[in-house]
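Notes to accompany the following structure.
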Amino acid sequence: MLRSLSPEKSAVVDIGSNSVRLVIYEVTGSAALPYFNEKVLAGLGRGLPETGRLSQEGVDQAIAALRRFRAILTGLNVNEVIAVATAAVREAADGPEFARRAATELGAKLRILSGADEGRLSSLGVRVGFDMPDGIVGDLGGSSLEFQRITPAGQDGLGETHPLGPFSLSMSDDTRIADHRKAIRRVLRQSDILKSGARRLYAVGGSWRALASVHIELTAYPLGILHGYRMNGSAIRLLTREILSIQRDKDMASRVSSIVGRRFDTIIHAALVLDEVFDAGDFKEVVISANGLRDGVLFDQRDQVLFESMGSPAGDPLLDGTAAFLRLDKSQYEFGLALYEFVRPVLPKSVAKQRIFRAACLMADCGGRFHPDHRADMAYYLILRSPIRSMSHEDRVLLAHATGARYTHKFQRPKAFTRLGRDSDDHLARVMGAAMRLGAVYSGRTAPLLKQIRLRTTKSKLVLDVVPGCEDMISATVQKRLSQLASIMDLNPEVSVLESASS
């Protein structure tokens, strides 16, 4: 069970080779929801391979950003500030001098991460962002690319760092694509992790998220959420081909520029690295991760017990994230737990699905304050586009559909989103929604009353068992909701009074 419903504010300042970023999180259990997020593309590492020093223009922009960040942190009364710097500061001759000045301006200690630290912390961030992740985490920054093998049990072995960021392996206007590919391949041949046989690459970093944004635009994918977005080999080839076309196609160049903004200058390099990494690792799919280094920094040794319990309800970022995003109070949380126990008998027994069912029940009260005429649609979009992580896009679609159906048995998904999700989940969402609707109307959304009833099925019947003395709670509306659920399940409804409260 969630140990605390009260969020704590914590901030991470990430001084990278390309960007300087402040993220303020509201942390609830194993979930961290971004409360404030601002970046400055300072380009500290620009020119570093040639000069051995940080870009002076980048230093000036970074210091100005850190002064601003300090003022914001003071204004928001954020006391926990964790600041880190990565490859550019680590490798530059003037890196230590900059780090001392940056810490002074920010008013917080600054840790310069090693390449191994970057890989480990990025993989920890991915672990918080996905359910039982299994594959290789690849984090492309301004100066370096880190790899880390990750399994459901945690990180596996030591990570790697390679000089494959756009500032380390730059492209000039006259660089031939074939030559740049060869240079990338020479570096990737040194990787042992890519030879591990993993099927999935978890892609971390702003450049790769920008690529995914382009693919979402090209394919008119209606759910514009990057975290968990997947691309197979065909998608990677299409994306790379379209990105390379910007060299000769002005319309495509303008289109891509409008999507990726200031990352346009390095987008070809990012596409080529992703394409070559995909082939070198013989991956089956790329999964985009909005989680990465900063999330790993936030949770690093924050609560070891939490991570030992991940995979169970006691430490599930999906459940904790749901409670945090919806700001559930104690009674709402307890109702969600009781509702899960009530609906569980009519849902599939799959162990993997239980966390999704629990989350749905915690979401079951999310539309309570919306106007009744729009409650189902508002609740649907609230869940569909929520910042809650640790679920696939398919599960996100299922949860949103079930939440909409929880408010009306006539709920139909908006046409634009019917292409999303698993076909088999359409019926499951309707069952989930109707069962939650039945439990909510009987109990008035209170856990104690909900424990007076339970559901069970026979070969031909859906039976609602009621404890003795509570028969008057079976109103006409409750009967109607029971009949609706039974109809969806192709069963006959029946109300039965138990012989005793304990039976």
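Of note:
- Sequence of 257, 17 once ranked by neighbouring C-beta atoms within 10 Å, starting from the fewest: 257, 17
- Protection-proxy order for peptides 381-392, 79-90, each taking the mean of Cβ atoms within 10 Å per residue, highest first: 79-90, 381-392
- Least to most buried among 396, 186, 111 (fewest other Cβ within 10 Å first): 186, 111, 396
- Residue 80-residue 262 FRET efficiency (beta carbon distance; Förster radius 25 Å; 0.05 resolution): 0.25
- Of (i) 4, 17, 23, 19, 15, 11, 7, 3, 1, 1, 0; (ii) 4, 18, 26, 23, 15, 9, 4, 1, 0; (iii) 4, 18, 30, 29, 16, 4, 0, the label for P(r) over Cα pairs in 10 Å bins from 0, in percent derived from the coordinates: (ii)
- The range 326-497: relative contact order in percent, alpha carbon pairs under 8 Å with at least 6 residues between: 23
- Between the range 52-129 and the range 165-219, the alpha-carbon center distance in angstrom: 24
- The Cβ shell under 12 Å around residue 246 holds other residues with a net charge of 0, Lys and Arg each +1, Asp and Glu each -1.
- Theoretical FRET efficiency, 1/(1+(r/R0)^6), r = Cβ-Cβ of residue 100 and residue 226, R0 25 Å, to 0.05: 0.10
- Estimated purely from DSSP H runs of n ≥ 4, each contributing -39500 (n - 2.57), the mean residue ellipticity at 222 nm for the chain is -13500 deg cm²/dmol once divided by its residues.
- Ranking of 470, 361 by count of other Cβ atoms within 10 Å, fewest first: 470, 361
- In the range 131-290, Cα pairs under 8 Å separated by at least six residues give a relative contact order of 29 percent.
- Net charge over other residues, Cβ less than 12 angstrom from the Cβ of residue 22 (K, R count +1; D, E count -1): +4
- Label-point gap, in nm, between residue 385 and residue 352 - each point 7 angstrom along Cα→Cβ: 3.0
- Dividing the convex hull volume of the alpha carbon atoms of the range 131-290 by its residue count gives 103 Å³ per residue.
- Inter-label distance, nm, simple model (7 Å from Cα along the C-beta direction), residue 177/residue 247: 0.6
- The range 221-226 - phi-based ³J(HN,Hα) in whole Hz, Karplus 6.51/-1.76/1.60, Gly and Pro as x: 5, x, 9, x, 10, 6
- Among 62-74, 197-209, 397-409, sorting by the average number of other beta carbon atoms lying within 10 angstrom of each residue, highest first, gives 397-409, 197-209, 62-74.
- Which listed pairs, of 9/109; 195/284; 39/109; 39/284; 330/451; 415/480, have C-alpha distances above 21 Å, in listed order: 39/284; 415/480
- Chain lengthening between residue 238 and residue 189 when straightened (0.36 nm per residue, less Cα-Cα): 15.2 nm
- Between residue 158 and residue 331, the FRET efficiency estimated from the beta carbon spacing at R0 = 45 angstrom works out to 0.40.
- Spacing of the modelled spin labels on residue 473 and residue 424, each 7 Å from Cα toward Cβ, amounts to 3.4 nm.
Where a number appears in this text, it was derived from the coordinates with a stated rule and is not lab data. Nothing here was measured: the structure is a model prediction, and the numbers come from that model. Positions of Cβ are backbone-derived with ideal geometry, glycine not excepted, and every protein chain shown enters the neighbour counts.
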